[in-house]
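Asks: Pasting in a structure now, in structure tokens, and then I'll have a few things to ask.
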Ligand SMILES: Cc1ncc(C[n+]2csc(CCOP(=O)(O)OP(=O)(O)O)c2C)c(N)n1
Ligand code: SF4
Ligand SMILES: [Mg+2]
């Protein structure tokens, strides 16, 4: 993308001290709130944010307090991307310049309920960055399974018991579904790799047209993990290969991390209440799916 040539680098040393998401009511250790805080620091004060129902809007807009120190609004659940498109086009129509529009939605709001509007927005190539913070369930309403809940997960709608294995469906391949629209820029990220996430938000900020970032964001409440391990567990998800870091631009996929050896999937799962019940056979299913996926990604996405 030729508009990417001279993007100023952003890192924790030169990043603004200003806070654009603070005083919110998220649980301690909430990965979603870390993602939103970092993303808004990169995007800056000339940002319009649109958030559908979900934890980040629930904890961010508490009348009369406002945790967003930028222009932000809550959208209908299925219409977040449409609202983002409307803001971007409307602001341009009244002559505003140098602004960015961002949609910030959860996994349920993105991969299921808001998908139609998102697909349309990418199709029109509207000038909007869409960030999906993925905590792998509908957390705000009490941990229900979403299309991004992985195989074996215990949620309130995929319970566990003698004959109940947790979720029997696998995580949707959201990144490739989005890339298949031939979007201007798409990336996966994790709050466990903050500089990588910052770089990707920065790239998206300077992308003309639609961009999409799928960021893995831990949820101690829904995952049954200690609050102080949120960043570590999001890093471990990448290190054990269940989450991958990649980009799609100029019609090509790129793997950003290609570890020689993965950390143990078993250890990653055992640390979380939502996976504690999993049988050896189910863990084997998860590991072999990971291996198949990596075989394919390495074959097609590694730069020659
Ligand atoms: C049309 C509609 N359906 C359902 C709801 C109820 N609801 C509000 S937040 C939420 C969970 C959202 O899950 P997700 O998008 O993954 O975000 P998270 O809460 O995990 O941050 C649901 C189901 C709603 N507000 N509107
Ligand atoms: S339930 Fe999870 S996603 Fe929601 S505020 Fe708490 S930690 Fe964050
Ligand atoms: Mg969620």
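The values are calculated or read from the model by the stated rules, or taken from the named source; none is laboratory data. Source: prediction; values computed, not measured. Note that we place each Cβ from the backbone using ideal geometry, even for glycine, and neighbour counts take in every protein chain shown.
Asks: So is residue 53 assigned to a loop (DSSP other than H, G, I, E, B) and surrounded by 20 or more Cβ atoms within 10 Å (Cβ to Cβ) or not? Working first, answer last.
Replies: Values: assigned to a loop (DSSP other than H, G, I, E, B): yes; surrounded by 20 or more Cβ atoms within 10 Å (Cβ to Cβ): yes.
Spelling it out, residue 53 is indeed assigned to a loop (DSSP other than H, G, I, E, B) and surrounded by 20 or more Cβ atoms within 10 Å (Cβ to Cβ).
Asks: Please state which of the following conditions residue 91 fails to meet, knowing it meets all the rest: (1) outside any helix (DSSP H, G or I); (2) closer than 20 Å to residue 70 by Cα; (3) more than 16 Å from ligand 2 (Cβ to nearest atom).
Replies: Every listed condition holds for residue 91 apart from (1).
Asks: Somewhere in the range 139-159, is a residue on the phi > 0 side of the Ramachandran plot, touching a residue at least 60 places away in the same chain (Cβ under 8 Å), surrounded by 14 or more Cβ atoms within 10 Å (Cβ to Cβ) and within 13 Å of ligand 3 (Cβ to nearest atom)?
Replies: yes
Asks: Tell me, please, whether a residue that is within 16 Å of ligand 1 (Cβ to nearest atom), more than 24 Å from residue 33 (Cα to Cα) and at pLDDT 95 or above can be found in the range 93-116. Break it down into steps so the answer makes sense when it comes.
Replies: Kept after step one, since they are within 16 Å of ligand 1 (Cβ to nearest atom), are these residues of the range 93-116: 102-116.
Applying the additional criterion that residues be more than 24 Å from residue 33 (Cα to Cα) yields 116.
Within this subset, residues satisfying the condition of being at pLDDT 95 or above are 116.
Yes, because at least one residue in the range 93-116 is within 16 Å of ligand 1 (Cβ to nearest atom), more than 24 Å from residue 33 (Cα to Cα) and at pLDDT 95 or above.
Asks: Scan the range 33-50 for residues that are part of a strand (DSSP E or B) and within 22 Å of residue 233 (Cβ to Cβ) and jot them down.
Replies: Here is the first cut: in the range 33-50, the ones part of a strand (DSSP E or B) are 47-50.
Of everything in the range 33-50, nothing turns out to be part of a strand (DSSP E or B) and within 22 Å of residue 233 (Cβ to Cβ).
Asks: I want to confirm something. Restricting to the range 56-67 and keeping residues that are more than 19 Å from residue 114 (Cβ to Cβ) and either in a strand (DSSP E or B) or at pLDDT below 95 (or both), which single residue is farthest from ligand 2 (Cβ to nearest atom)?
Replies: 64
Asks: Could you say which residue among 62, 70, 34 is within 16 Å of ligand 1 (Cβ to nearest atom), more than 16 Å from residue 217 (Cα to Cα) and touching a residue at least 12 places away in the same chain (Cβ under 8 Å)?
Replies: Only one candidate qualifies: 62.
Asks: Answer yes if at least one residue in the range 189-211 is touching a residue at least 24 places away in the same chain (Cβ under 8 Å), within 16 Å of ligand 3 (Cβ to nearest atom) and not in a strand (DSSP E or B), and no otherwise.
Replies: Scanning the range 189-211, I find at least one residue that is touching a residue at least 24 places away in the same chain (Cβ under 8 Å), within 16 Å of ligand 3 (Cβ to nearest atom) and not in a strand (DSSP E or B), so the answer is yes.
Per-residue answers, yes or no, for (1) surrounded by fewer than 20 Cβ atoms within 10 Å (Cβ to Cβ); (2) without any contact (Cβ under 8 Å) to a residue 40 or more places away in the chain; (3) under 25 Å from residue 29 (Cβ atoms):
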| position | (1), (2), (3) |
| --- | --- |
| 225 | no, no, yes |
| 231 | yes, no, yes |
| 234 | no, no, yes |
| 242 | no, no, yes |
| 290 | yes, no, no |
| 296 | yes, yes, no |
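Asks: When both residues are 6+ apart or on different chains and their Cβ atoms are under 7 Å apart, which pairs have a first residue that lies in the range 106-121 and is free of Cβ contacts under 8 Å to residues at least 24 places away in the same chain, and a second that is within 16 Å of ligand 2 (Cβ to nearest atom) and in a helix (DSSP H, G or I)?
Replies: Listed by first residue and then by second, the contacts come to nothing, as the list is empty.
Asks: Out of all the residues in the range 10-32, is one or more in a helix (DSSP H, G or I), modelled with pLDDT of 95 or more, within 14 Å of ligand 2 (Cβ to nearest atom) and within 21 Å of the chain's Cα centre (by Cα)? Lay out the reasoning, then the answer.
Replies: Keep residues of the range 10-32 that are in a helix (DSSP H, G or I), which gives 31-32.
With the extra rule that they be modelled with pLDDT of 95 or more, the set shrinks to 31-32.
From what's left, within 14 Å of ligand 2 (Cβ to nearest atom): 31-32.
Filter again for within 21 Å of the chain's Cα centre (by Cα), leaving 31-32.
The answer is yes; a qualifying residue exists.
Asks: Six or more apart or on different chains, Cβ under 6 Å: which pairs go from a residue in the range 43-55 that's within 12 Å of residue 80 (Cβ to Cβ) to one that's in a loop (DSSP other than H, G, I, E, B) and within 16 Å of ligand 2 (Cβ to nearest atom)? Could you list them?
Replies: 52/77; 53/77; 54/140
Asks: Taking the options 229, 188, 210, name whichever one is under 13 Å from the mean Cα position of the chain (by Cα) and either more than 18 Å from residue 103 (Cβ to Cβ) or more than 16 Å from ligand 1 (Cβ to nearest atom) (or both). Steps first, please.
Replies: Working: 229 fails: under 13 Å from the mean Cα position of the chain (by Cα); 210 fails: under 13 Å from the mean Cα position of the chain (by Cα).
Only one candidate qualifies: 188.
Asks: Scan the range 127-145 residue by residue and report those that are in a loop (DSSP other than H, G, I, E, B) and more than 7 Å from ligand 1 (Cβ to nearest atom).
Replies: Answer for the range 127-145, where residues must be in a loop (DSSP other than H, G, I, E, B) and more than 7 Å from ligand 1 (Cβ to nearest atom): 127, 128, 136, 142, 143, 145.
Asks: Condition test on residue 112, is it over 24 Å from residue 21 (Cα atoms), part of a helix (DSSP H, G or I), more than 11 Å from ligand 3 (Cβ to nearest atom) and out of contact with any helix residue (DSSP H, G or I) (no Cβ under 9 Å at 6 or more places or on another chain)?
Replies: Numbers: over 24 Å from residue 21 (Cα atoms): yes; part of a helix (DSSP H, G or I): yes; more than 11 Å from ligand 3 (Cβ to nearest atom): no; out of contact with any helix residue (DSSP H, G or I) (no Cβ under 9 Å at 6 or more places or on another chain): yes.
Taking the combined requirement at face value, the residue does not satisfy it.
Asks: Would you check which residues across the range 33-55 are within 14 Å of ligand 2 (Cβ to nearest atom) and closer than 19 Å to residue 231 by Cβ and list them?
Replies: The answer is 33, 34, 35, 36, 37, 55.
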